[in-house]
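The values are calculated or read from the model by the stated rules, or taken from the named source; none is laboratory data. Since we're looking at a predicted model, the values are computed, not measured. Using ideal geometry, Cβ is built from the backbone for each residue, glycine included, and neighbour counts are taken over all protein chains shown. What goes into the accessible areas is simple: the full protein's heavy atoms, side chains included, and nothing from ligands, DNA or RNA. Shrake-Rupley method; radii C 1.70, N 1.55, O 1.52, S 1.80 Å.
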Amino acid sequence: VSKLHKKLGTTFVYVTHDQTEAMTMGDRICVMKDGIIQQYDTPQNLYDYPDNLFVAGFIGSPQMNFIDGYLRKIDGKYNVEFGWNERKQSGKKYYVEIPESKGGEEVLEEYVDKEIIIGIRPENIHDEEMFLSAAKTGIVDAEVEITELMGAETYLYLNCEGISLTSRVAPTSTARAQDTIKVVMDPYKIHLFDKDTELTITN
């Protein structure tokens, strides 16, 4: 279809449920849910700047990781907190400092001490030493449940304080099932979503 589109040089309207097909073929994509437009944008903007939780989860493979957490303000800096289970009164608290480029006070202040949803794509969770040694925030401990070697990359299926995470790492990764490893979440690639409306707070 892509070859035909290029050959004819005309506008196509193509309907598909396959997000990979949409991303590779479309100049502009209209993401719909229950007949309602969620976002109309370029493929790259849908990936980098999703308008809501649905779009964020629909675009990208493997799917974006979603983590229930809180937004905290610590020493004047905004952080996301997760890991601690309030109901069970167990777990370890992890914090990731949110860069000022994510919007700062104007965007984040009203969410301080409120529940939010944290989003991070598998390709932005790293286990390589170069990322770990350079990281100033976002390092967490996780148990490796399953590894999938895909040839050019490896998928790590992780458990961090009961939270399931998928990480897409280099095929040279030495992580194996049942290992406890450190991974780092890239703070510049974190997305935050309103817990109630599921709308994006910041990308």
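At q = 0.16, 0.17, 0.18, 0.19 Å⁻¹, what is the base-10 log of I(q)/I(0) for the chain according to the Debye formula with one equal point scatterer per Cα and no solvent? Please give it to two decimals. Debye output, listed in q order: -1.10, -1.19, -1.28, -1.36.
Residues of segment 1-159: accessible area per residue at 1.4 Å, in Å²? Don't jump to the answer; show the numbers that get you there.
Details: 9590 Å² over 159 residues.
Normalised by residue count, the accessible surface of segment 1-159 is 60 Å².
Highest GNM mean-square fluctuation among PRO62, PRO122, PRO50, for the chain modelled with Cα contacts below 10 Å: PRO62. Its Cα gyration tensor gives segment 68-130 an equivalent ellipsoid. The semi-axes, each the square root of 5 times an eigenvalue, are 19, 19, 11 Å from largest down.
When the dipole is taken about the Cα centre of segment 102-158, and only Lys, Arg (+1) and Asp, Glu (-1) are charged at their Cβ, what size is it in debye, to the nearest 20? Mind dumping the intermediate values first?
Working: 4 positive and 15 negative charges, 26 e Å.
For segment 102-158, the charge dipole is close to 120 debye.
Within the listed set GLY151, GLY69, GLY162, the residue fluctuating most in the Gaussian network model of the chain (springs between alpha-carbon atoms under 10 angstrom) is GLY151. Relative to the Cα centre, the charge distribution of the chain, modelled as +1 at Lys and Arg Cβ and -1 at Asp and Glu Cβ, gives a dipole magnitude of about 440 debye.
Out of the total accessible area of segment 1-95 (probe 1.4 Å, heavy atoms of protein only), what percent is carbon and sulfur?
Working: 3180 of 6250 Å².
In segment 1-95, the share of accessible area belonging to carbon and sulfur is 51 percent.
Taking the chain as a Gaussian network of alpha-carbon nodes connected by springs under 10 Å, the highest mean-square fluctuation of the residues ASP48, ASP34, ASP127 belongs to ASP34. Straight Cα distances below 13 angstrom link LYS189 to the aspartates and glutamates ASP48, GLU97, GLU100, GLU123, with same-chain residues fewer than 8 positions distant left out. Projecting the Cα atoms of PHE82, PRO62, GLY104 onto the charge dipole of segment 61-104, computed from C-beta unit charges around the Cα centre, puts PHE82 farthest toward the positive end. Under 16 Å of direct C-alpha separation, and excluding same-chain neighbours fewer than eight residues apart, LYS73 reaches these lysines: LYS93, LYS102, LYS114.
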